[in-house]
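Inspection log for the structure reproduced underneath, given as structure tokens.
The values are calculated or read from the model by the stated rules, or taken from the named source; none is laboratory data. As the structure is a prediction and not an experimental result, all values here were calculated from the model. Here the Cβ positions follow ideal geometry from the backbone for every residue, glycine too, while neighbour counts run over all protein chains shown.
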């Protein structure tokens, strides 16, 4: 089934990653302790040594040019380790967009820096009035000579407080349909007029931000694609990166950890049944993932993987909570920042459950994914 | 005090629960105010030092407190502890609690699924200096344990795990009615907030409430909450009428209330979109309160098993 050479590739990758993953970082990831910017970028630097930060990039783009099978195997291998999920905004979003739609100058300027972990990117999409209905965005960009002047507000911008650059959907015109008149701009986060305000979430973390843009001057050279072509680029992105959609590999690791931690609880038939059900759900997800390795996937596949992948991850977070019961109750702010706790798994179970509610909301909410699937089946015409 | 008076007083008290400034999750001390309200021992008969309001009273007060997510350990400290003390004939201690003395209870004495690890948590009033133990008789042990905060802001302490479990009976069932009512109150408040949000929030040119898929989800949630309410009422009536199936009915009420409230919590966040995840949002405060009760008092599966073990439910 899997050729020896590909299997060997995955094994070598696993050995190298496991050797290079610092124990302190593995501990943090294993226990969902918050990572610092340095934690994340330091690890990405390690990956970049083997050109594995841009793991999905073609040789054309300067990446490792892995076959779909090797890409799949790498993903599965990587997920089995308690390694940080690398920041995807440059690698999986800005980079592929610049490669597909950008000018030669833009490619030369931005792609190597993304691939080599030089620039930290964030995604300026959602606005207070434009969540699921992203086309309703109002952040305005008016053309003045060699610049766009951008004014508006983005929200739920992950890691904007850490970012060097933001790719941003802005409104350059008002057309007959809201999708017309949207443009894709690359914005330097050090530009005057940008204010970033962290948003505290119910798990105590602050990974999301509000980004206020007040007459920010963005050179015209930072427009990607045609003015008014932004919506098409956004659609390209939705179906482009199907490999990170399912999260199956991470869920496989989590399931293994739950089973290992379960101990006496496995004698509880209710718990065992729910654990077993999760195992079969995950197997189905992995099999759908595997089918896609064989052939090209489309929008529908990405939507299905996103829906089921996020639901399974959320189910697992509840299983872990059930396992720990009352021991999960004391709020241990100190532990979440990197301290010690008598039962580290228990200390993080509830904050993780709360944090992972985001999975079904972000990335195109699961409702939006269902809309895509329904439309694809011809319903609602 | 009539149930109606209690309801009014409870609503007023709960509405005064403002945001407590300071560290995330840190609670204010609501115990003295809860005592002023007459809450501790409210379920006990008047001749045992209570207000004689029984399970009906626990439901009314629990529901009002739950709707505001007041982090005050009501079910453990104001219902269960006085009930256990009264059961043991310790009217003096009941009076002490009503006067403001803080007596905690080992959470590990409460029902939980088999194989659940002991937590060592002591719940009830924050800052308790004594913990109630069943030795088998009721006794008080001094408690000098550091204060903790639970994830929903309720105060607690850490002590040695208790090995003894509470026997089924009036005291536990009374407390379960109180918790189920807190869950119901929280669930109903989450429902109202979500319904409001769906009516106001516009996407794709219309309020979200126009989407039939969302309407049906909300309807199903409302039915689940109504089922919980009906079962809690039936448990309260059974307890106050000393019916033989009161324990079974209280577990049925818990099983339904926990399930309905948690589904409502998940849906409230989802239907609010990202805004429901912000720490300041009332939604998120209520969600943490719901989860904390599920973990503390046992989830659906736990109470379904206890329902089965509690014997048959008598038809009306």
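Tabulated values for the structure
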read-out: Those residues of region A:156-167 which are in a strand (DSSP E or B) and within 18 Å of residue A:134 (Cβ to Cβ), in sequence order; value: A:166, A:167
read-out: Positions within region B:43-52 being surrounded by fewer than 24 Cβ atoms within 10 Å (Cβ to Cβ) and assigned to a loop (DSSP other than H, G, I, E, B), in sequence order; value: B:45, B:49, B:50, B:51, B:52
read-out: Every residue from region A:318-328 that is under 23 Å from the mean Cα position of the chain (by Cα) and either without any contact (Cβ under 8 Å) to a residue 60 or more places away in the chain or within 11 Å of another protein chain (Cβ to nearest Cβ) (or both); value: A:318
read-out: Any hit, region A:246-263, residues being surrounded by 21 or more Cβ atoms within 10 Å (Cβ to Cβ), under 23 Å from the mean Cα position of the chain (by Cα), in contact (Cβ under 8 Å) with a residue 12 or more places away in the chain and under 24 Å from residue A:180 (Cβ atoms); value: no
read-out: Subset tally (residues that are more than 16 Å from the chain's Cα centre (by Cα), crowded, with 16+ Cβ neighbours inside 10 Å and farther than 15 Å from residue A:17 by Cβ) for region A:35-56; value: 1
read-out: Which numbered condition residue A:135 misses (of (1) in a strand (DSSP E or B); (2) within 14 Å of chain B (Cβ to nearest Cβ); (3) more than 16 Å from the chain's Cα centre (by Cα)); value: (1)
read-out: Of residues in region B:286-315 being assigned to a helix (DSSP H, G or I) and within 7 Å of chain A (Cβ to nearest Cβ), the one surrounded by the fewest Cβ atoms within 10 Å (Cβ to Cβ); value: B:301
read-out: Residue list for region B:128-169, filter: farther than 27 Å from residue B:246 by Cα, in contact with a helix residue (DSSP H, G or I) (Cβ under 9 Å, 6 or more places away or on another chain) and modelled with pLDDT under 85; value: B:161
read-out: Filter pass, residue B:230 being surrounded by fewer than 21 Cβ atoms within 10 Å (Cβ to Cβ), within 23 Å of the chain's Cα centre (by Cα) and not in a helix (DSSP H, G or I); value: no
read-out: Any chance residue A:129 is surrounded by fewer than 20 Cβ atoms within 10 Å (Cβ to Cβ), within 14 Å of chain B (Cβ to nearest Cβ) and either modelled with pLDDT of 95 or more or on the phi < 0 side of the Ramachandran plot (or both); value: yes
read-out: Test set (1) closer than 26 Å to residue B:269 by Cβ; (2) in a helix (DSSP H, G or I); (3) modelled with pLDDT under 95 - residue A:363 fails condition number; value: (2)
read-out: Restricting region B:99-123 to residues that are within 7 Å of chain A (Cβ to nearest Cβ) and farther than 18 Å from residue B:75 by Cβ, the residue that is surrounded by the most Cβ atoms within 10 Å (Cβ to Cβ); value: B:116
read-out: Residue within region A:329-345 that is at pLDDT 90 or above, touching a helix residue (DSSP H, G or I) at 6+ places or on another chain (Cβ under 8 Å) and more than 11 Å from chain B (Cβ to nearest Cβ) present; value: no
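Results for (1) over 30 Å from residue A:33 (Cα atoms); (2) surrounded by fewer than 20 Cβ atoms within 10 Å (Cβ to Cβ), shown as yes or no for each residue.
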residue	(1), (2)
A:157	no, no
A:166	no, no
A:170	yes, no
A:175	yes, yes
A:188	no, yes
A:192	yes, yes
A:223	yes, no
